[in-house]
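Structure first, then comments.
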Amino acid sequence: RVELPRLRYRYRKQWKILGGGDYNLSVNTARRQQLEYAKALGLSETDWDLGNAYCIKDSELERYAMTKLMQLMVNAALRIQLRWRLHAARVRRATQDRRW
């Protein structure tokens, strides 16, 4: 970087003038890379052990994501079945009341 005298005090956005601007970029470490991959797979911090970020493999993260997806699908199916049973019971009860 080149330091230009009195330039910093005249202009407010010195980082643009001096050619900087990539201050928000972070260093790509193995841990950060695993965290980004887990986030892309839809995993939260509670779905896998963050302490193993350096030694965990991508295939394990994919397995965790599939397990989470399967659990979400099972929970959705259970909710649908429960709602259907409640609906069927209400219809059955309504038809039995009409018969009497």
For D47, residues with placed amide H under 5 Å, excluding near neighbours:
none
Calculated FRET efficiency for the pair M70/R93, C-beta based, R₀ 35 Å, to 0.05
0.50
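Could you order L35, L61 so the one with the most accessible surface comes first? Probe is 1.4 Å. Mind showing how you got there, number by number?
Details: L35 65, L61 0 Å².
These residues rank, largest area first, as L35, L61.
The values are calculated or read from the model by the stated rules, or taken from the named source; none is laboratory data. No experiment lies behind these values; they were computed from the predicted model shown. Ideal geometry is used to build each Cβ from the backbone, glycine not excepted, and the neighbour counts take in all protein chains shown. These area figures cover heavy atoms from the full protein model, side chains too; ligands, DNA and RNA do not enter into them. Shrake-Rupley method; radii C 1.70, N 1.55, O 1.52, S 1.80 Å.
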